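Below: the structure, in structure tokens.
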Amino acid sequence: MKPLNFAILKYFCSGKEACRKDVQNALRADYGKFRAFKDAQMDDALQTACSNGLIEESRLELDANNNLIIYYKANADGIASINNYIPD
């Protein structure tokens, strides 16, 4: 099993846009019991990947409770970098 941060990055190699909740739903079966799977830690991991240029913020929304939802997406260069450093 890959480390959680690697799994998060590999999730974005599809090129599809996703928010934290989308990533959590996709990875929950394998990583749901990890301490770092909590919302705040996942947000930190996504923001770190964004700061490192591997993914980028694609859009922002407010949910029904006026909570900010940030969507991310990996561009072609980000996908190439992720695939170069994290094997399948």
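Throughout, read-outs are computed from the coordinates displayed, never taken from laboratory work. Values in this document were obtained by computation on a predicted structure and should not be read as measured data. Methodologically, a virtual Cβ is constructed for each residue, glycine included, from the backbone with ideal geometry; neighbour enumeration extends over all protein chains shown.
Numbers for the structure displayed
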item: All positions within the stretch 1-46 that are more than 11 Å from the chain's Cα centre (by Cα) and in contact (Cβ under 8 Å) with a residue 60 or more places away in the chain; result: LYS2, GLY15
item: Single condition ILE79 does not satisfy, out of (1) in contact (Cβ under 8 Å) with a residue 60 or more places away in the chain; (2) surrounded by 10 or more Cβ atoms within 10 Å (Cβ to Cβ); (3) out of contact with any Ser or Thr (no Cβ under 9 Å at 6 or more places or on another chain); result: (3)
item: Helices (runs of 4 or more DSSP H) wholly inside the chain that include at least 1 residues being among the basic types (Lys, Arg); result: 4-11, 20-31
